[in-house]
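Presented below is the structure to which this report refers.
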Amino acid sequence: MVSIDNLTVAFGGFTLLDNISFVLNRNERVALTGKNGAGKSTLLKIMAGLQQPTSGNISFPKEVSIGYLPQQMKLSDGRTVREEASLAFEHLQRMEKELERLHREMAERTDYESDAYRQVIERATDLQELLQMSGIHNFEAEVEKTLMGLGFARADLERPTREFSGGWRMRIELAKILLQAPDVLLLDEPTNHLDIESIQWLENFLATHANAVMLVSHDRAFLDAVTTRTVEIMLGDIHDYRVSYSKYVELRKERREQQLRAYENQQKQIKDTEDFIERFRYKATKSNQVQSRIKQLEKLDRIEVDEVDNSRLNLRFPPAPRSGSYPVIMEEVEKRYGNHLVFSNVTLTIERGEKIAFVGKNGEGKSTLVKCIMQEIVHGGRLELGHNVKIGYFAQNQAQLLEEEMTVFETIDYVAVGDIRTKIRDILGAFMFGGEASEKKVKVLSGGERSRLAMIRLLLEPVNLLILDEPTNHLDLASKDVLKKAIREFDGTAIIVSHDRDFLDGLVDKVYEFGGGKVREHIGGIYDFLSKKKMETLQQLELSVSPTARREEKREDPSENKLSYQEQKEQNRQQRRLEKQVEEAEKKVASLEEKLKAMEVQLSTPEGASDMDLLQKYLEVKARLDQAMNNWERATTELETFYK
């Protein structure tokens, strides 16, 4: 559907993307991955037609439509939620106005036999058919149904968009894309600012409605749930793997190990040949053999090992000044906005050195309670900070508050005071802004680079209470791991607001659950919390059935659960179909495993290890085996439901 051919993007003397080519096919769901600043967002903008490459081509059929969700949105504050979402049908409304104009023109003209009149009729007929197919007459109902499906109340539809948080604005943009039903979806960090319920909705939408998708995300679980192909950008080049993200990580590691073994074997062969040439170069009796070895070296196809981007974030928080034993104490804290109760009767004590998590969906009060601790908003009840508490705060929108015309160095130099100013270059280097990167303007930085720059502010002054509100938004997977390690080693207290289960795992020792106007304490890590809730993922926290609903389920008439003859017949048919799928999948897995074993025997020899075609076939068969195993597991799981 979309073809990228020899695409190059250069800024000044730096090449961001170097002669890359690939094709996005119909019904593919592709993860675009790579470090912050690698060029992911730039590539999506080029595919969306919002930016031009330095050279190369991008092509797609004329009838293909593209929907693009940017990392940072700029919505007009002059519209209501309904009006903003209705922009999805703006092109249809233009067509409707054109049709009305053509009808008036046909009524006024009298040159019925002319070519011009015939062309007007043909255009009006085409527009009439297009509008009937598009459902233009029910678009207002579609807008309302979609927005309410995404969690908006009917009363919200007439509210200005400026009254909503980033997460809710993202839902409006998603609603517009859903209503447009584009052939190709380009999504840049779609899960940032979304609560867990919204992420679950997006996963379902992409699985059931999307055609071709290319997305950037640093949420491992989301990528695995949605994508089946991974394109990695590294040092200006791309590496294409037709597998999910987790499988790609494994294959990339295996591929490099195979390359290294083959490279080392070839280097040994080259050295032995060069030693032979050097030893017998001047012996007449060996001249023919020497010349033969020289020709062998000239014809040798040299094995190359994929380059690896080893640049790495180096983050360590300064030693924390000692605070009192209890940095935060709350008793019956309450917050209301008019008649709306956010939370009430919040009573908790945070001890020095604790790492705790605030979890729950947007709008339940996580960021509001953080603002209470920061003493930014008025609240009811008692909230006290302990002795000598010094807070370091990273807000959700911190990266968006940076001055775009300043350089990276100026941004930090502007806020730094005292001796720390002599260490600015060192700090920037630790955050991968060394050398010329420190002179980049903020406006050209990627979302991840902006987040790293905003986080440097936390290092400018030693603190003993870190409050991080969604700190992993825009950070790549490697940087998230470094941040997690730095927080774990931080000797002060930390409050982390996050929906990222992988990030919280092994980091926090207490979880506070926000919901229904209450804040509930759970001792233990994030998996202990999920286990107590009898859940496997944080998504289920949002989607769990309420106690009232469970009571209603128990009241159902048992006779309603009895299957009719036709229903039983259909169920039996589905069961036989699944049994056949399991049997076929088992045969395919066995066949591919045999192939893989044979190839592994070949690759274990020096000749096989240097055969790059064989290596490529091995990786392809392994990917097919992984897919076959996934198919077998899915069919087996579905079949088990019939035996329960």
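The values are calculated or read from the model by the stated rules, or taken from the named source; none is laboratory data. Just so you know, these numbers come straight off a predicted model, no measurement behind them. Glycine also receives a Cβ, built like all others from the backbone with ideal geometry; neighbour counts cover every protein chain displayed. Areas reflect the complete protein model, heavy atoms only, side chains present, ligands, DNA and RNA absent. Shrake-Rupley method; radii C 1.70, N 1.55, O 1.52, S 1.80 Å.
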Can we say Arg382 is part of a strand (DSSP E or B) and either at pLDDT 90 or above or open to solvent by 30 Å² or more (accessible area, probe 1.4 Å) (or both)?
yes
List the residue pairs whose Cβ atoms are under 9 Å apart, where the first residue sits in the range 441-461 and is more than 20 Å from Lys45 (Cα to Cα) and open to solvent by less than 20 Å² (accessible area, probe 1.4 Å), the second is among the aromatic types (Phe, Trp, Tyr) and assigned to a loop (DSSP other than H, G, I, E, B), and the two are 6 or more positions apart or on different chains.
Arg452/Phe431; Arg452/Phe433; Leu453/Phe431; Leu453/Phe433; Met455/Phe431; Ile456/Phe431; Ile456/Phe433; Leu458/Phe317
Can you tell me which of Leu341, Leu348 is in a strand (DSSP E or B) and modelled with pLDDT under 90?
Leu341
Number of the exception - Arg488 against (1) basic (Lys, Arg); (2) closer than 19 Å to Lys355 by Cβ; (3) touching a Leu at 6+ places or on another chain (Cβ under 8 Å); (4) at pLDDT below 80
(4)
If you take the residues in the range 169-200 that are in contact with a Gly (Cβ under 8 Å, 6 or more places away or on another chain) and open to solvent by 40 Å² or more (accessible area, probe 1.4 Å), which one is farthest from Met47 (Cα to Cα)?
Glu197
Picking from Gln269, Gln259, which residue would you name as being open to solvent by 70 Å² or more (accessible area, probe 1.4 Å), not small (Gly, Ala, Ser) and not in a loop (DSSP other than H, G, I, E, B)?
Gln269
Verdict on Lys74 being open to solvent by 70 Å² or more (accessible area, probe 1.4 Å) and either at pLDDT 85 or above or farther than 30 Å from Glu449 by Cβ (or both):
no
Got a sec? Which of Glu163, Glu158, Glu173 is modelled with pLDDT of 80 or more, more than 22 Å from Glu100 (Cα to Cα) and over 20 Å from the mean Cα position of the chain (by Cα)?
Glu158
Out of everything in the range 5-58 that is more than 25 Å from His474 (Cα to Cα) and of a type in the set (Val, Ile, Thr), what residue ends up being farthest from the chain's Cα centre (by Cα)?
Thr54
Lys97 fails exactly one of the following numbered conditions: (1) on the phi < 0 side of the Ramachandran plot; (2) surrounded by 16 or more Cβ atoms within 10 Å (Cβ to Cβ). What is the number of that condition?
(2)
Among (1) within 33 Å of the chain's Cα centre (by Cα); (2) open to solvent by 50 Å² or more (accessible area, probe 1.4 Å); (3) not small (Gly, Ala, Ser), where does Ile233 come up short?
(2)
Only one of Ile424, Ile467 that is modelled with pLDDT of 70 or more, open to solvent by less than 10 Å² (accessible area, probe 1.4 Å) and either part of a loop (DSSP other than H, G, I, E, B) or under 30 Å from Glu351 (Cβ atoms) (or both)
Ile467
